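Student: Dropping the structure in here first, questions after.
The values are calculated or read from the model by the stated rules, or taken from the named source; none is laboratory data. Fair warning: this is a prediction, and the values are worked out from it, not measured in the lab. Please note: Cβ atoms are built from the backbone with ideal geometry, for glycine as well, and neighbour counts cover all protein chains shown. Calculation scope for accessible area: heavy atoms of the full protein, side chains included, ligands and nucleic acids excluded. Shrake-Rupley method; radii C 1.70, N 1.55, O 1.52, S 1.80 Å.
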Amino acid sequence: MLSSALRNLPVSSAWAAGAFARSFSCSSQFQAAAQPKTKKTLGKTGVKNVVVVEGVRIPFLQSGTSYADLMPHDLARAALQGLLTRTSVPRDVVDYIVYGTVIQEVKTSNVAREAALGAGFSDKTPAHTVTMACISSNQAMTTGVGMIAAGQCDVVVAGGVELMSDVPIRHSRKMRKTMLTLNRAKTLGQKLSLISKIRPDYFAPELPAVAEFSTSETMGHSDSGAQLCVLPQDEYALRSHSLAKKAQDEGLLQDVVPFKVPGKDTVTKDNGIRPSSLEQMGKLKPAFVKPYGTVTAANSSFLTDGASAMLIMSEEKALAMGYKPKAYLRDFVYVSQDPKDQLLLGPTYATPKVLEKAGLTLSDIDVFEFHEAFAGQILANLKAMDSDWFAQNYMGRKSKVGAPPLDKFNTWGGSLSLGHPFGATGCRLVITAAHRLKKEGGQYGLVAACAAGGQGHAMIVELYPQ
């Protein structure tokens, strides 16, 4: 089984040194010096260059806070309006809008269309919604890339949204069936007969599932597969929060746009960043495998409300409209594995594939932005990526791709600290990579994320020439 395999993986001495604590400290080693790069561009003959003009997000907030009384399309509309304000792009220039979401509001199942109309886009602009678990906005972006590369569109807005403050809670199946049958009953006798059959257990609500439908596994079991102790997970989580706090204080989170919440104050920053201490974090109880599990609220991403939006164009169109793009969107891949045994190892599988597709090696990458579902998920991926044994026995590869160096990895925080609105995180990863490349003088960024169902995504982002 994978659990015993990951437990016994050989880990490089450089990675193991310090038992994570020193590697995960928030010292100056994470502030990469800006150095000019002279690497080749990844443009391909006969293929349109697709660029990111701008990407924004409303502040990511813990569920149950300032966005609690809103609906998903309200958040998505705010992100779209923030994008319009920042770019001044004419609404009627946009050819298509694609949004990602995971837990759909039944009243606005095509949230992309509702948000677009609310934000003032032309009613002639088509919009559709995609869902692919935590890589839903990744799928929205790459759908836009494909449309532009195929010559179907020149300007696409892609984004994602999630509102965990108000998830759909259904009646039980027995009650739903009774209510539907009752609606068809024609006589009072028939209606009374149906009502008389209702039992107390009919009133038990049906909550959204947190487990995989096919395997009944939960994402929180990711630590047990790699046999990780709680301390390294807490250390990594503390690193994420500390770096996010530093980035926030230094004004580096440039993608955040303010949102005036109706009837409330204007929200200007993420509210889930909470640097603590290892002592305090260690007091929290396991969230999944009780009483011996190691995944806790301290080392997991929290339930988050938020939305993101990104303006994607063909390079030719962007330059014709007078925009200076931030980055090229280059090669990308989607992968899938056994959801029972390798649920959250998508980045491990996707990273070598996207590097090979782009003709790059791990050492060519200047900036890494990986989605942090759980600290245990990140550590399990880094461990697997750094193992020849895992590469040979599980991935069918001759050798490991290697673990990303931490001085290039999520240095402005990640989903553990900034928050993770399921459908919106992918856009945040990409625009953060672009901003980091510019600030740190890099050229190539690698974005990767896991998703429910044992799936994953990776993409190469190339800084637009300055």
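Student: Here are the criteria: (1) within 19 Å of F422 (Cα to Cα); (2) of a type outside the set (V, I, T); (3) surrounded by 15 or more Cβ atoms within 10 Å (Cβ to Cβ); (4) without any contact (Cβ under 8 Å) to a residue 60 or more places away in the chain. Tell me which single one A116 does not satisfy.
Tutor: (1)
Student: Q104 - would you say it is within 24 Å of G454 (Cα to Cα) and open to solvent by 30 Å² or more (accessible area, probe 1.4 Å)?
Tutor: When the stated conditions are applied, Q104 passes them.
Student: Here's a follow-up. Looking at segment 397-410, I want the residues that are within 22 Å of S240 (Cβ to Cβ) and have a partner that is open to solvent by 60 Å² or more (accessible area, probe 1.4 Å) with Cβ atoms under 7 Å, at least 6 apart or on another chain. Which pairs are those?
Tutor: Hits for this filter: D407/Q29.
Student: Filter segment 347-379 for residues that are open to solvent by 10 Å² or more (accessible area, probe 1.4 Å), closer than 20 Å to R239 by Cβ and of a type in the set (D, E) and give the result.
Tutor: Of everything in segment 347-379, just one residue is open to solvent by 10 Å² or more (accessible area, probe 1.4 Å), closer than 20 Å to R239 by Cβ and of a type in the set (D, E), namely D366.
Student: I've got another one for you. What tally of residues in segment 55-97 results from selecting those that are among the charged types (D, E, K, R), within 23 Å of A327 (Cα to Cα) and open to solvent by 50 Å² or more (accessible area, probe 1.4 Å)?
Tutor: The qualifying residues number 3.
To keep it simple, each residue is scored yes or no on (1) at positive phi; (2) part of a helix (DSSP H, G or I); (3) among the basic types (K, R).
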residue: S276; (1), (2), (3): no, no, no
residue: K283; (1), (2), (3): no, no, yes
residue: L319; (1), (2), (3): no, yes, no
residue: K324; (1), (2), (3): no, no, yes
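Student: Which of the residues spanning segment 177-187 are polar (S, T, N, Q) and surrounded by fewer than 13 Cβ atoms within 10 Å (Cβ to Cβ)?
Tutor: Result: N183, T187.
Student: Going through segment 188-204 one residue at a time, which ones are touching a helix residue (DSSP H, G or I) at 6+ places or on another chain (Cβ under 9 Å), loosely packed, with under 13 Cβ neighbours inside 10 Å and not hydrophobic (A, V, I, L, M, F, W, C)?
Tutor: K197, R199, D201
Student: For segment 118-196, give me every one of the helices (runs of 4 or more DSSP H) that falls completely inside it and has 1 or more residues that are of a type in the set (D, E) and in contact with a Lys or Arg (Cβ under 7 Å, 6 or more places away or on another chain).
Tutor: none
Student: So, one more: Quick one: would you say L406 is more than 26 Å from M132 (Cα to Cα), in contact with an Asp or Glu (Cβ under 9 Å, 6 or more places away or on another chain) and of a type in the set (A, V, I, L, M, F, W, C)?
Tutor: The answer is no for L406.
Student: Also, I was wondering about something else. So which residues in segment 301-317 are under 22 Å from V93 (Cα atoms), open to solvent by 30 Å² or more (accessible area, probe 1.4 Å) and of a type outside the set (D, E)?
Tutor: Scanning segment 301-317 gives a single hit, K317.
Student: While we're on this one: Among the strands (runs of 3 or more DSSP E) contained in segment 362-466, which hold 1 or more residues that are among the acidic types (D, E)?
Tutor: In segment 362-466, 367-370, 455-463 are the strands (runs of 3 or more DSSP E) which contain 1 or more residues that are among the acidic types (D, E).
Student: Related question: Within segment 433-466, which residues are open to solvent by 10 Å² or more (accessible area, probe 1.4 Å) and within 19 Å of the chain's Cα centre (by Cα)?
Tutor: Passing the criteria: H435, A452, G453, Q455.
Student: Restricting the first residue to segment 244-255 and requiring it to be buried (at least 18 other Cβ atoms within 10 Å of the Cβ), which pairs with a second residue that is small (G, A, S) meet a Cβ separation below 7 Å and a spacing of at least six or different chains?
Tutor: A244/G413; A244/S417; A247/G413; L253/A247; D255/G55
Rundown of residues vs (1) at pLDDT below 95; (2) over 21 Å from the mean Cα position of the chain (by Cα), yes/no style:
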residue: T294; (1), (2): yes, yes
residue: M310; (1), (2): no, no
residue: E315; (1), (2): no, yes
residue: G322; (1), (2): no, yes
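Student: With the checklist (1) of a type in the set (K, R); (2) modelled with pLDDT under 95; (3) closer than 19 Å to F259 by Cα in hand, flag the one item K107 doesn't pass.
Tutor: So the condition that K107 fails would be (3).
Student: Could you pull out the residue among A115, A133 that is within 15 Å of A158 (Cβ to Cβ) and of a type in the set (A, V, I, L, M, F, W, C)?
Tutor: A115
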